[in-house]
Structures are given as C-alpha cells and as structure tokens.
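Below is one structure, written out as structure tokens, with a few remarks after it.
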Amino acid sequence: MIVVQALVQLVGPERALQIFGVKLVGITAETGRKILLSVLAVLAIALLGRGLEALVRPALRGDEHVHARFWWRQAIRLGTAGIALLLLLSIWFDDPRRLTTAAGLVTAGLAIALQRVVTAFAAYFVILRGRLFRVGDRLVMGGVRGDVIALGFIRTTIMEMGEPPPVQSAEPAVWVEARQYTGRIVTVTNDRIFTEAVYNYTRDFPFLWEELRVPVAYTADRAAAERILLEAARKHTTHESEMGAEALRELKRRYFVDSADLDSRVYWRLTDNWLELAVRFVTRERGVRAVKDAMSRELLAGFERAGIQVASATFEVVGLPPLKVEPTPSR
C-alpha cells in the first residue's frame, strides 16, 4: 500500500495526478470530481427520460395515438438532452470566459470534422419544425420507400417496402412487386432532406389516385367492359372517395390546390393491338394491392359473364408461300 501511494500521488496546489514521478497535465482532483459528477448527471438524466417515457407509454397505447406518442417521445428526448447539456456546462465551465473560448474551439472543430453529423442534426429540427414527416408516415427518402418507424437526432429508420412494376428498375433493387413490406429495415441520415426530394404519401392527404389497366379487343363490347370496370372500382373505393373528399377540402384550405376529381372514371387509349381501358380511382395509401386484387377478381368474373376476353398479343398467319417437292433422281 505504501508502494502504491509512492507511485501514484496528488501533488501541487492543484493536486495534479502524478504517476511514477510523471505529472499528468490536466488530470487533477478537481477534474476527477467533474468527471464523476458528469457521469452521475448523464445517468440521472437518462433514467429521468426512461421514466417519463414509461409514464407516457401506457396512456398512449393503440394505433390511434401513434402520432401523439411520436411527439411526446421527441419532446422528452429534446428536453432531457437540453437539461443534460446545461448540467454538463455548469459542471465544467464555472467561468463564462472559459465557456466562450471552449465553445468557439468546439464549434470550429465540429464545422470541419463533423460537417455531415452537424448537418444531419440540424435536419432533425427542420423535420420537426417543417412537418416534413413523422413516425408512421409512408414516404420515399434517400431512394428508400417505406414507413418511418423511428426518428433520431442523426438518422431516420424506415421499414422498407417493395415497388410496383412501373418503378421496379429503381435502385435499390427489391423483390416485392407491390407497396408491401420487404422485411428490411433501412437507416437514412437526416441530411438527405437538403439534397433530395422527400415524397410523403400520408402527410396532409392520406389517399392516392391509382389506375388499373385492362386491354380488350376492338371487337369486344366496349360499353359493357367500361361498365364492369366502373362497378368494380366504385364497389371497392366508394367509402375512400367520400373520406378523400373531406381530406381534399382540408388540403385546399392549407395549400393552393386545383380541383381534383375523386370519382372513378374509365379512360380509353388506342393501341396497335387492342383498346386499353384504364380505370382511375381513389384509395388509401395502404392496402392498394388488396384493393386491386379484389377488383381484378371481380373484373374477370364480370368479363366472363359478358363474354369479354382480355386481349393479348397474337399473330395470325394469313398465307404460306407455295412449296414444291421434287423427287431426287436415282442413280
């Protein structure tokens, strides 16, 4: 014990740490006390944050409170982070002049070495203040399609979903040919909002205009085909259209949006091989594949009853060149 005390000592008026006769610069009893207080303060604030989240969580259960849980979680995180920062500044900088000098040095270092991190942190506040998105929104950010499942100070976590066939060639490649989960969880840095567009499916208008295209022959009963398409669309999207009208009025109140038709409608397009009928309808941003599946089944049943066939690329052989077969002379 005496040997250890001789090797490790606190010397000088500042009680600096000395090991093997070497005085460590900046390592004093005061510094050790501040380190201990800092660790205790961070642990106390972390426990406070966990406790507040535990108190709020039971009161905001269920899918109807998902947005309230998001804002409460962000408020708790920002509040605890601010308190922790004030405590650490109070512990380490009792002299305002030292704080100003240190803040200048830290700011300069961050601006150079951690530029992307600082930008991502600033983007976090832009996301909250600008209402770009929140947890539960379906969006495309940084080339990733999916639902936001977590938002942090630096990164946004997205549950990836597949892509419909028209955009299957987009990067990154996915194997699900619909807007349904692939099972991959993707993290995207928040700073991507400054360099790329963010496509939000659910922010102010949680509905989509979708289309289902069906080719029929020119000789088919086109009026019956159009009627069957409209009946299928209205059967499965009438409720969504009524709710979409209310959401559209709210959208017009907030932004300059021209009038949009929410009623189902069939459009014709002439091609070299068939008549393409495209039924346009409004549906919610989730469950589009199920709606199209139900409509497709009903369309096929209606076409069969009306004697209408879905057109396909066919080739008709109208003639063959004459063939002449001559026997080979025997030798």
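The values are calculated or read from the model by the stated rules, or taken from the named source; none is laboratory data. These figures come from a predicted structure and were not determined experimentally. So basically every Cβ, Gly included, is an ideal-geometry build from the backbone, and we count neighbours across all protein chains shown.
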In region 253-266, anything surrounded by 13 or more Cβ atoms within 10 Å (Cβ to Cβ) and of a type outside the set (A, V, I, L, M, F, W, C) is listed as D263, S264, R265
Over region 200-228, the set of residues under 33 Å from the mean Cα position of the chain (by Cα) and hydrophobic (A, V, I, L, M, F, W, C) is F205, F207, L208, W209, L212, V214
Given (1) of a type in the set (S, T, Y); (2) at pLDDT below 85; (3) loosely packed, with under 13 Cβ neighbours inside 10 Å, S241 misses just (3)
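Here is a yes/no grid of residues against (1) within 23 Å of D191 (Cβ to Cβ); (2) at pLDDT 80 or above; (3) under 28 Å from the mean Cα position of the chain (by Cα):
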| residue | (1), (2), (3) |
| --- | --- |
| I19 | no, no, no |
| L48 | no, yes, no |
| L55 | no, yes, yes |
| D63 | no, no, yes |
| V66 | no, no, yes |
| T119 | yes, yes, yes |
| A122 | yes, yes, yes |
| G130 | yes, no, yes |
Counting only residues in region 246-280 that are small (G, A, S) and at pLDDT 75 or above, the one farthest from Y218 (Cα to Cα) is identified as A247
Reported set for region 175-196 where residues are in a loop (DSSP other than H, G, I, E, B) and modelled with pLDDT of 90 or more is T195, E196
Selection from region 269-278 of residues part of a strand (DSSP E or B) and free of Cβ contacts under 8 Å to residues at least 12 places away in the same chain yields R269, L270
Next on the checklist: So for region 73-88 (the condition being of a type in the set (G, A, S), at pLDDT 70 or above, more than 22 Å from V148 (Cβ to Cβ) and surrounded by fewer than 15 Cβ atoms within 10 Å (Cβ to Cβ)), does at least one residue qualify?
Outcome noted: yes
V282 fails exactly one of (1) touching a helix residue (DSSP H, G or I) at 6+ places or on another chain (Cβ under 8 Å); (2) crowded, with 16+ Cβ neighbours inside 10 Å; (3) farther than 25 Å from R145 by Cβ, namely (3)
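Has region 153-160 got at least one residue that is touching a strand residue (DSSP E or B) at 6+ places or on another chain (Cβ under 7 Å), farther than 29 Å from G82 by Cα and outside any helix (DSSP H, G or I)?
Checking region 153-160: at least one residue is touching a strand residue (DSSP E or B) at 6+ places or on another chain (Cβ under 7 Å), farther than 29 Å from G82 by Cα and outside any helix (DSSP H, G or I).
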